[in-house]
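Structure record follows, encoded as structure tokens.
Bear in mind these aren't lab numbers, they're just calculated from the coordinates by the rules spelled out. As the structure is a prediction and not an experimental result, all values here were calculated from the model. Cβ placement follows ideal geometry from the backbone for every residue including glycine, while neighbour counts extend to all protein chains displayed.
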Amino acid sequence: MKINIIIFLLIGSVFCKAQQEYPINTMPFNLPPNSYIKDFNNELNPYIGTWLSEYNGQQITLYINKVINKNFSYKDKIYFKDAIIVKYIIKNNLGNILQSTIENNDDKRNFISHTVINTASNQLGLYYTGADCGIGWGSIEIKKLNSTQISWSYYPNSTTLNNITCPNVVDTKIYLPETENLVFTKQ
């Protein structure tokens, strides 16, 4: 019985290919399928937390979490990555929720995830998929100012909408703060 188990394990180890691991700033373009971009040195950890700011009479709360070994796709290739995922709630000056992604589990709509980290400048580059039909898609830069503050800079790209490519758009407003260096405080 022991010999059968040993033979099975040896055969399994020959035919099973281990997931290849790469450092956190590796771009997925030329990686083999099922590669794992890993945060070996916990460089993403300082950004984790609940962050609060006000902008143009709105209260913005960011919920920044680190997800271990999250699956992503690039073209037809699946890869895995330790990723910062940002969810948010935006309220008006009366406390009414204008937009919330807390319950959003869709990676295609209102999804914010990091693409690169620059530890020398304490800056995290993120990508925002945009809302319906990609409205507001663009890049976000978060810079760690100190242990209790980060700054936010959001650069939305333009989206051309028409009835053919985007027939059922309900809301074309961008709710995220379109500004540079907005300071958020850790809660």
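R0 = 25 Å: FRET efficiency of THR172 with GLU54, Cβ-based, nearest 0.05?
It comes to 0.60.
Considering only DSSP beta bridges with both partners in the chain, what is the antiparallel share in %, to the nearest 5?
Roughly 90 percent of the beta bridges in the chain run antiparallel, per DSSP.
Using only DSSP helix segments of four residues or longer, with each worth -39500 (n - 2.57), what per-residue ellipticity at 222 nm results for the chain after dividing by its residue count and rounding to 500?
-2500 deg cm²/dmol
May I ask you to list the GluC sites (Glu not before Pro) in the range 40-149 that are in a DSSP loop and have at most 13 other Cβ atoms within 10 Å of their Cβ?
Counting only loop positions with at most 13 other Cβ atoms within 10 Å, the GluC sites (Glu not before Pro) in the range 40-149 are GLU103.
Under a cut-off of 21 Å between alpha-carbon atoms, report the lysines in cross-link reach of LYS108, not counting same-chain residues fewer than 8 places apart.
Answer for LYS108, where 21 Å is the Cα cut-off: LYS66, LYS70, LYS75, LYS77, LYS81, LYS87, LYS173, listed by chain and number.
Using Cβ counts within 10 Å as a stand-in for footprinting exposure, how do PHE80, PHE40 rank, fewest first?
Listing PHE80, PHE40 from fewest to most nearby Cβ atoms yields PHE40, PHE80.
Among [x] 182; [y] 209; [z] 136, which one is volume of the Cα convex hull per residue in Å³ computed from these coordinates?
Matching entry in [x] 182; [y] 209; [z] 136: [x].
Against the longest principal axis of the chain, how steep is helix 2-15, in degrees 0 to 90 to the nearest 10, with axes from Cα atoms?
The helix 2-15 is inclined about 50 degrees to the chain.
Listing ILE24, ILE164, ILE60 from the residue with the fewest other Cβ atoms within 10 Å to the one with the most, what is the order?
Going from sparsest to densest Cβ surroundings: ILE164, ILE24, ILE60.
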